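Every number here is computed from the coordinates shown, using simple stated rules; none is lab data. This one's a predicted model, so the numbers in the text were calculated from it and none came from an experiment. Note: ideal-geometry Cβ built from the backbone for every residue, glycine included; neighbour counts use all protein chains shown.
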Amino acid sequence: MEKKLFGKPIITQESMRRRIKSLGIKIARDYQGKDLMMIGVLKGAFAFFSDLVRAVPIPLEVDFLVVSRQRDKRRKDGGTVKIISDIASEIKGRDVLIVEDIVDSGYTVTFLREEILKRNPNSLKFCTLLNKPERRKIQVEIDYICFEIPDRYVVGYGLDYKNKYRNLPYIAALDNITAE
Ligand code: 5GP
């Protein structure tokens with residue numbers, strides 16, 4: 001690991017473990033008796049998703065989708081979001097909870113909400129590991145947030161910089177880099 005890129009964790013493994021445990025219990029209470037389908041948004045949410053689903057002590061199903069976001073500052077909507085690999089499950093009439101790594105501008109969540117609602121779930125909620133409210137370009141409602149963070153570019157625990165550092169077991173900030 002290149003030490004000069006980042007220093008101490010800004011969120012430690014221990015604080016993530018504690019927060020995810022209590023969030024898992026809250027989700028289980030909210031979805032007791034419902035038909036819960038948790039959908040992880042790859043690649044960034046893979047580590048959080050696998051810890052979170054194991055902290056939710058009720059029956060549930062999992063699926064995944066892969067999105068890509070092409071940023072374009074010239075466009076009013078900041079670029080385009082595309083599903084590059086879709087879920088395999090039918091979600092009509094089910095209680096869907098989308099699990100994201102980080103909500104930044106809000107465009108990805110907005111796009112996913114529209115896409116998933118077209119498929120007529122019984123309910124749709126969003127959960128994110130990290131929320132950067134200072135960066136919001138479009139108002140979005142997030143139902144479960146693990147941590148609010150300031151406007152710093154972060155890596156680790158699934159989040160990358162140029163596809164590296166996803167395996168870092170904690171969240172660290174990369175200084176002098178901002179999400180475009
Ligand atoms: P949004 O559509 O909300 O702007 O974008 C969210 C996506 O931007 C995340 O799923 C993630 O891929 C990327 N992103 C935003 N901020 C950061 C950050 O601080 N670190 C990393 N690694 N990705 C980020």
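Structure notes:
- Computed over the chain: relative contact order in percent, which uses C-alpha pairs under 8 Å that are six or more apart: 23
- Cα-derived Rg over Rh, computed across the range 96-180 with Rh taken as Kirkwood radius: 1.00
- Distance from the alpha carbon centroid of the range 109-180 to that of the range 13-37 works out to 18 angstrom.
- Value of Rg/Rh across the chain [Cα atoms, Kirkwood radius]: 0.95
- Sequence-separation-based contact order of the range 40-133, relative, with Cα cut under 8 Å and 6+ spacing, percent: 28
- Range in the chain, longest, excluding exposed trypsin sites (Lys or Arg not before Pro) [loop by DSSP; at most 12 other beta-carbon atoms within 10 Å]: 1-72
- Calculated [222 nm] ellipticity per residue, helices only, for the chain: -6500 deg cm²/dmol; basis is -39500 (n - 2.57) per DSSP H run with n ≥ 4, divided by all residues, nearest 500.
- Pairs spanning more than 28 Å between alpha-carbon atoms, out of Lys82/Lys164; Lys92/Lys162; Lys132/Lys162: Lys92/Lys162.
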